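K.L.:
Next up is a structure, given as structure tokens.
The values are calculated or read from the model by the stated rules, or taken from the named source; none is laboratory data. None of the values given here were measured: they were computed from a predicted structure. Cβ placement follows ideal geometry from the backbone for every residue including glycine, while neighbour counts extend to all protein chains displayed.
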Amino acid sequence: MILSDLIELETLRVIWWALMGVLLIAFALTDGFDMGVGTLLPFVAKTDVERRIVINTVGPVWEGNQVWFILGGGAIFAAWPPLYAASFSGFYLAMFALLAALILRPVAFKYRSKRESTAWRAGWDRALFVGSSVPALLFGVAVGNVLLGVPFYLTDDLMPMYEGNFAMKFLGLLRPFALLAGVVSLSMLVMHGAAWLSLKAEGPLAARARAIGTYAGMIAAATYALAGLWLAVGIDGFAIQGEVVRDGPSNPLYSTVIHGGSWLSAYSDRPWIAIAPLMGFVGIALAVLGLRAGREVSTLLWSKLAITGIISSVGLTMFPFILPSTVRPDSSLTVWDASSSHLTLFVMLVAGAIFLPIIMAYTAWVYKVLWGKVTEDDVSEQSY
Amino acid sequence: MELNVVELSRLQFALTAMYHFLFVPLTLGLSILVAIMETVYVMTNRPIWRQMTKFWGLLFGINFALGVATGITMEFQFGMNWSYYSHYVGDIFGAPLALEGMMAFFLEATFVGLFFFGWDKLSKLAHLAVAWLVAIGSNFSALWILIANGWMQNPVGAEFNPETMRMEMTNFFDVIFNTVAQAKFVHTVSAGYVTASVFMLGVSAWYLLKGRHIELARRSIAVASAFGLASALSVVVLGDESGYSASHTQKMKLAAIEAMWDTHPAPAPFTAIGFPNREARETHYAVEIPWVMGLIGTRSLTEEIPGINQLVEEAEVNIRSGLIAYDALMTIRTERDETPADIRAKFEAHSDNLGFALLLKRYVDDPRDATEQQIAQAADDTVPGVAPVFWAFRIMVGLGFTFIAVMLYFFYRASFRGMQFPRWALRGAVAIIPAPWIAAELGWFVSEYGRQPWTVDGVLPTALSASHLSVMDLLITLAGFTAFYSVLFVIEMALMLKYIRKGPFEDVEETDAWTIRHEHRLRTHDGKDPFASDAAEPGSAPLSNARHPGATPAE
């Protein structure tokens with residue numbers, strides 16, 4: 001197809017790298033507050049009615065929000081097949097834990113209020129808490145591991161292989177730095193959930209959410225700063241050695257990579273990327289102030305800014321790496337050698353250019369229809 | 001079965017996919033049936049139709065939750081368990097999955113919330129639009145998934161790239177307009193419609209047997225039997241279309257389904273029943289219907305359908321051709337741009353059969369070292385388990401025809417016999433509720449098990465597709481999924497049964513009041529006394545959902 005030559009392979013790769021970030025951020029901004037709200041549930045709601053109000057603030061929208069995650073998975077499969085192949089099998093047991101938690105969530109939402117029994121509801125409340133907090137933590141742990149590098153390598157047939165036994169596939173992921181990254185993501189999403197509850201709920205319920213959200217924000221800022229410091233002094237980065245071929249075939253073995261130096265050297269090479277961590281800190285600070293002052297809409301927007309900044313900072317710091325390998329650095333996946341073919345990237349870009357705006361438009365319409373506080377009167381038979 | 005990673009990964013995929021597929025067909029069909037009911041409500045403004053929409057919508061919601069939850073597993077399982085597959089064909093296979101997310105899943109998931117929460121927030125017409133968007137989203141979802149699956153059956157629009165060691169897309173439109181995918185899509189969604197129709201028919205029949213919710217049950221039967229009849233016909237016709245396309249693309253699967261060991265002079269007979277024996281290469285006690293197979297498979301009386309033995313011989317030829325491609329590939333990989341032109345040409349000429357050489361990887365690391373015996377063995381491996389697909393196919397087809405008969409009967413009684421249904425027929429309708437699920441699962445089995453030993457037909461063997469995992473990894477997740485899914489299944493069934501027993505509980509007063517007024521009007525028009533006893537014929541008790549205890553929440 002000649003049409004696909006309209007955009008160069010190199011450009012398509014950068015666009016798809018950015019789009020992967022956009023999808024992850026969209027997921028964190030939308031399903032992020034669902035997870036934050038689920039994590040906050042046992043702490044902010046004291047009675048069954050309060051719990052139902054909390055759940056109903058996200059009840060009509062979590063399902064659509066979660067699709068950003070599914071779409072993220074599909075988009076990685078379509079645009080970065082080597083990444084899809086190497087990461088999910090490498091994080092095998094962690095992925096299983098994540099899936100189990102994510103499966104619990106929809107079921108808990110749907111089934112909780114289908115019976116009156118207190119034990120039944122308490123059980124699903126716990127399921128909601130686990131199904132929300134575990135993924136929120138694990139996403140950060142996964143990002144931390146990617147920054148540290150993953151013990152995988154590619155054979156000459158490009159089959160991803162892993163070092164370490166099965167227990168290491170899960171426990172090996174829980175390295176101190178990765179856990180710290182997990183705390184960043186969990187606290188960031190709890191803050192986001194609190195900002196959402198402050199907008200959608202009222203009275204003591206919203207007040208409790210704001211109080212916890214304030215602390216969560218402070219923890220997020222502190223752990224994020226600590227993680228940055230750790231990256232500066234204690235963690236080796238990765239770099240492509242020799243000439244960087246940006247439009248070559250997607251075969252990671254064609255390039256030479258060294259494990260050493262610092263990730264943070266990216267900030268001297270491309271000083272403008274400092275804007276991302278800055279957005280993170282400023283966003284958290286303003287969101288925390290907003291929570292304390294009881295501002296609603298602006299607080300949620302600042303929280304969104306913080307999340308956008310924090311997630312972007314990881315991608316921008318690592319660029320062009322997307323999955324570095326510790327055991328054989330040459331196997332590391334980068335933007336330049338782990339993408340789909342020119343045609344597939346182009347076709348998917350066209351599809352994305354058509355459908356993402358449509359998705360955003362109807363999602364915005366749904367949020368507009370549901371605008372306003374969820375009150376006791378809203379919690380009816382048909383709701384969760 | 002050997003306890004190795006490939007077999008365990010297959011088992012896990014089968015388990016999670018077939019479990020997911022318990023919920024999908026009902027979602028596909030019920031979403032449309034609910035949207036149809038809401039359409040009638042909006043057009044007639046009769047509260048009974050809103051009550052029906054809400055009641056069946058509630059059951060739809062319970063089912064939908066598990067469909068979504070178990071679908072999450074599917075999206076990630078290719079990467080988790082089939083990493084070489086994901087690398088090897090992700091360039092093509094990933095695209096429809098991502099498109100499914102963008103075009104379909106987003107639509108249904110975003111609007112399903114509004115469907116349940118929007119009754120008071122939206123105008124009637126807007127809510128109707130939401131219901132249809134959910135239905136369209138669900139059905140679009142199936143389209144993209146079957147385009148992905150269709151490509152595994154008939155890998156068109158792609159070629160192997162030696163530089164990246166994978167298949168790459170050459171023509172996107174060939175991939176989406178794949179004939180196998182199109183036939184499969186209509187066949188599968190129709191099967192979903194039949195599933196939902198049989199479900200709705202069975203539940204309504206149960207209400208009639210119990211003398212409850214008569215108004216809702218009768219109208220539901222009218223909708224379900226009409227929709228179900230059209231769908232059941234479509235399933236069989238499009239199933240035939242699938243068979244026709246399989247005869248051109250997946251000859252081995254077709255031969256296995258028919259247990260046709262030797263090529264028969266055209267037109268081939270259809271083996272209605274028999275006992276295939278793989279070792280002896282013959283079908284014992286076969287009952288054959290002359291000509292039928294030839295007609296189904298080729299739509300001609302002269303075209304031959306190749307038998308299994310002939311296809312194994314062809315596979316052996318393909319393996320030898322694939323070995324030439326493999327040998328050239330190894331040179332291309334080391335020499336890259338310096339590869340001599342004749343080696344490139346050799347590769348181009350034989351690259352279509354590269355997958356057949358990969359079949360040997362089960363036995364030797366380097367296929368070029370394979371012995372004659374191993375080549376013969378690999379060729380023999382291309383025959384799937386004949387008896388399982390032979391039987392699964394026949395049970396599925398038998399059920400398919402049963403559904404046509406059932407739907408035809410109920411459609412006739414509902415349309416021309418004044419909605420009078422004999423009790424034996426109602427009992428039968430309740431009894432066959434599980435049947436469409438059995439048919440759907442068997443259909444999945446014939447399609448996927450019949451494709452073995454390939455994940456992508458003729459391109460990538462299953463034995464090569466799995467991830468580098470340990471048996472222990474697999475045992476942990478297999479046990480986890482089994483336990484977790486079993487618990488969810490019990491909970492789902494319990495909730496379904498609870499809400500079916502409870503019956504419609506929303507808008508009860510308004511609907512009953514309307515029903516009484518409506519009956520009154522009908523009788524007055526007939527010139528009959530509106531207050532005469534409504535003890536007409538048995539089984540036709542006209543009114544009131546409110547009179548019996550089932551209409552009020554039991555708990």
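K.L.:
Yes or no: B:Glu288 in a loop (DSSP other than H, G, I, E, B) and either closer than 29 Å to B:Pro388 by Cβ or in contact with a Ser or Thr (Cβ under 7 Å, 6 or more places away or on another chain) (or both)?
P.N.:
No.
K.L.:
Go through (1) in contact with a Gly (Cβ under 9 Å, 6 or more places away or on another chain); (2) at positive phi for A:Gly294 and report which single condition fails.
P.N.:
Of the numbered conditions (1) in contact with a Gly (Cβ under 9 Å, 6 or more places away or on another chain); (2) at positive phi, the odd one out for A:Gly294 is (1).
K.L.:
Same structure again: Please find, among A:Thr344, A:Thr308, the residue that is among the polar types (S, T, N, Q), crowded, with 18+ Cβ neighbours inside 10 Å and either under 23 Å from A:Tyr215 (Cβ atoms) or touching a Pro at 6+ places or on another chain (Cβ under 7 Å) (or both).
P.N.:
Result: A:Thr308 is the single residue among A:Thr344, A:Thr308 that is among the polar types (S, T, N, Q), crowded, with 18+ Cβ neighbours inside 10 Å and either under 23 Å from A:Tyr215 (Cβ atoms) or touching a Pro at 6+ places or on another chain (Cβ under 7 Å) (or both).
Quick grid of which residues meet (1) surrounded by fewer than 22 Cβ atoms within 10 Å (Cβ to Cβ); (2) within 14 Å of another protein chain (Cβ to nearest Cβ); (3) in contact with a His (Cβ under 8 Å, 6 or more places away or on another chain):
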site: B:Pro25; (1), (2), (3): no, no, no
site: B:Gly29; (1), (2), (3): no, no, no
site: B:Ile32; (1), (2), (3): no, no, no
site: B:Gln51; (1), (2), (3): no, yes, no
site: B:Leu59; (1), (2), (3): yes, yes, no
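K.L.:
Now, a different point. Of (1) buried (at least 22 other Cβ atoms within 10 Å of the Cβ); (2) within 25 Å of A:Leu356 (Cα to Cα); (3) β-branched (Val, Ile, Thr), B:Ile136 satisfies all except one. Which?
P.N.:
So B:Ile136 meets the others, but not (1).
K.L.:
So which of B:Ala14, B:Ala65 ends up being closer than 23 Å to B:Tyr485 by Cα, under 19 Å from the mean Cα position of the chain (by Cα), within 7 Å of another protein chain (Cβ to nearest Cβ) and not polar (S, T, N, Q)?
P.N.:
So the residue among B:Ala14, B:Ala65 that is closer than 23 Å to B:Tyr485 by Cα, under 19 Å from the mean Cα position of the chain (by Cα), within 7 Å of another protein chain (Cβ to nearest Cβ) and not polar (S, T, N, Q) is B:Ala65.
K.L.:
Residues in segment B:259-279: is at least one in contact with a Lys or Arg (Cβ under 9 Å, 6 or more places away or on another chain), surrounded by 16 or more Cβ atoms within 10 Å (Cβ to Cβ), part of a helix (DSSP H, G or I) and touching a residue at least 40 places away in the same chain (Cβ under 8 Å)?
P.N.:
Taking every residue of segment B:259-279 in turn, none turns out to be in contact with a Lys or Arg (Cβ under 9 Å, 6 or more places away or on another chain), surrounded by 16 or more Cβ atoms within 10 Å (Cβ to Cβ), part of a helix (DSSP H, G or I) and touching a residue at least 40 places away in the same chain (Cβ under 8 Å).
K.L.:
Six or more apart or on different chains, Cβ under 8 Å: which pairs go from a residue in segment B:108-128 that's under 21 Å from A:Ile358 (Cα atoms) and at the interface with chain A (Cβ under 8 Å from one of its Cβ atoms) to one that's of a type in the set (Ser, Thr, Tyr) and assigned to a helix (DSSP H, G or I)? Could you list them?
P.N.:
B:Thr110/A:Tyr362; B:Thr110/A:Thr363; B:Phe111/A:Tyr362
K.L.:
Looking at (1) part of a helix (DSSP H, G or I); (2) over 19 Å from A:Ala122 (Cβ atoms); (3) touching a residue at least 12 places away in the same chain (Cβ under 8 Å), which is the only condition A:Gly74 fails?
P.N.:
(3)
K.L.:
While we're here: Can you name every residue in segment B:285-313 that is of a type in the set (Asp, Glu) and either in contact with a His (Cβ under 6 Å, 6 or more places away or on another chain) or surrounded by fewer than 16 Cβ atoms within 10 Å (Cβ to Cβ) (or both)?
P.N.:
Answer for segment B:285-313, where residues must be of a type in the set (Asp, Glu) and either in contact with a His (Cβ under 6 Å, 6 or more places away or on another chain) or surrounded by fewer than 16 Cβ atoms within 10 Å (Cβ to Cβ) (or both): B:Glu303, B:Glu313.
K.L.:
Additional query: Could you please give the count of residues in segment B:459-469 that are in a loop (DSSP other than H, G, I, E, B) and either within 13 Å of chain A (Cβ to nearest Cβ) or modelled with pLDDT under 90 (or both)?
P.N.:
4
K.L.:
Any residue that is under 22 Å from A:Ala75 (Cβ atoms) and without any contact (Cβ under 8 Å) to a residue 12 or more places away in the chain - is there at least one of those in segment B:138-161?
P.N.:
There is at least one residue in segment B:138-161 that is under 22 Å from A:Ala75 (Cβ atoms) and without any contact (Cβ under 8 Å) to a residue 12 or more places away in the chain.
K.L.:
Within segment A:117-135, is there a residue that is more than 22 Å from the chain's Cα centre (by Cα), part of a helix (DSSP H, G or I), of a type in the set (Val, Ile, Thr) and surrounded by fewer than 19 Cβ atoms within 10 Å (Cβ to Cβ)?
P.N.:
For segment A:117-135, residues more than 22 Å from the chain's Cα centre (by Cα), part of a helix (DSSP H, G or I), of a type in the set (Val, Ile, Thr) and surrounded by fewer than 19 Cβ atoms within 10 Å (Cβ to Cβ): present.
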